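Coordinate-derived values only; no laboratory data. Quick caveat: nothing in here was measured; it's all calculated off a predicted structure. Please note: Cβ atoms are built from the backbone with ideal geometry, for glycine as well, and neighbour counts cover all protein chains shown.
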Amino acid sequence: MHKINKKKLVAIIGWIISIALLISLFANMNINVLVSHMVKANWIWLAMAAITSLIVVCIKSYRWQLIMDPEKKDGKRRNSFWLICKVIFMGFAGNNLLPARGGDWLKIYLLGKWKNMSKASLASVTALDKISDGISILLLFGLFALYAVLLGQHHTYPTWVKTGSIIVSIVIIVSLGICAGLLIYHKRTRKKTELGQIATLIQKLGAGMNMLSRKKIVLATILISLVSSLLQILTIWMCQMAFNIDMAPWIPAVIFIAINLAIIIPSAPSGIGPFEAAGVLAYTWIGLKTETAFNISFMYHAVQFIPVTLIGMSFYFKSGLAKKRYNGKLVVGRQ
């Protein structure tokens, strides 16, 4: 029997989880009611939500630019925003279509090739980018939790969301500690020319952490991440309005946090399954009917998935990238 490698095993487990969750969701819903509500949706609100999702990707592209180039030279950054924006769109499209978050590896590959940058340092940039998202989500969790306490609503968040937030907090703190350690090692060894293979890799990983030594850039990335998260919460609110559901402002925040915690677990590409399940669990916990909860969650997923994926694929093909097979191997490169 052929051995299944780890990536394939994770992909298989992800698909099993996604399919199981979707079957469970549909088994507890009235399909006729689901379709009826979907047909009556206000597509103007959904179009506005889709546009907002595209703005979020552009904002995240600017954050990537700051993390990659924390210093300006002659008043300009080394990497153009437009190039990074195209790569980020392609990366999101890859995450939506490829298993094991293949879009993240695609971003590293493309920027490494086009900008002649170390893939190790770009992996560090990717890590900092995700940590920034995590910090903004936790900050919002704290702010809305405080808001709920002030209003006397002590049970704003489901228990599993609170538990997940605590776990993510621990992971982020540990991750930041590792990042700081890599940066310190990079600064101490950057003038050394003779380093072992592992030491060289650690040194290159630390090179991608330069942003951490610049307080203004760190603050800017956190603020950008907060704006990005708030716009995504606004997108959820627009999806609610598409189904004529006008709820308290903290509710879309609960949904946003719940979904981002859920899609951490292995799943099919784009987080399908856990994404919808988290939205349904959070909305029904608040008191919404299952069919309405699913429709809002599904459309929020759709307005993120469809426009970004189409634009990312368009950039992919227009950039002259093509898939070729040489000696039975799949190679991605310029035509």
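Quick one: M209, M38, fewest Cβ neighbours within 10 Å first, how do they rank?
M38, M209
Mind pulling the per residue volume of the convex hull built on the Cα atoms of the range 128-261? Å³ is fine.
121
Nearest 10 degrees is fine. How inclined is helix 81-97 to the longest principal axis of the chain, computing both from alpha carbons?
Roughly 60 degrees between the two axes.
Sort the range 39-185 into rounded, prolate or oblate with this rule: let a ≥ b ≥ c be the square roots of the eigenvalues of the Cα gyration tensor; rounded if a/c is under 1.5, and if a/c is not under 1.5, prolate when a/b is larger than b/c, oblate otherwise.
Oblate, because a/c is 1.5 or more while a/b does not exceed b/c.
Shape verdict for the range 205-276, please, from the Cα gyration tensor: rounded (a/c under 1.5), prolate (a/b greater than b/c) or oblate.
Since a/c reaches 1.5 but b/c is at least a/b, the shape of the range 205-276 is classed as oblate.
Could you tell me the relative contact order of the range 23-173? Use alpha-carbon pairs under 8 Å, at least six residues apart, and round to a whole percent.
Normalised by residue count, the contact order of the range 23-173 is 14 percent.
Where in the chain is the longest stretch that carries no trypsin sites (Lys or Arg not before Pro) classed as loop by DSSP and with at most 12 other Cβ atoms within 10 Å?
193-335
Quick one: pull the percentage of alpha-carbon pairs in the range 239-307 with a separation above 15 Å.
Percent of Cα pairs beyond 15 Å in the range 239-307: 48.
Only Cα pairs under 8 Å and at least 6 apart count here; give the relative contact order of the chain as a rounded whole percent.
The normalised contact order for the chain reaches 31 percent.
So what's the Cα pair-distance distribution over the chain, bin width 20 Å, in %?
Here the calculated profile for the chain is 27, 57, 15, 0.
Hey, what angle do you get for helix 6-27 against the long axis of the chain, alpha-carbon based, 0 to 90 degrees rounded to 10?
10
Where a Cα-Cα gap under 28 Å defines reach, which lysines qualify for K187, not counting those fewer than 8 residues away within the same chain?
K60, K72, K73, K76, K107, K113, K115, K119, K130, K204, K215, K216
What number in nm² do you get for the range 1-83 if you take the convex hull of its Cα atoms and divide its surface by four?
For the Cα atoms of the range 1-83, the hull's average projected area reads 11.2 nm².
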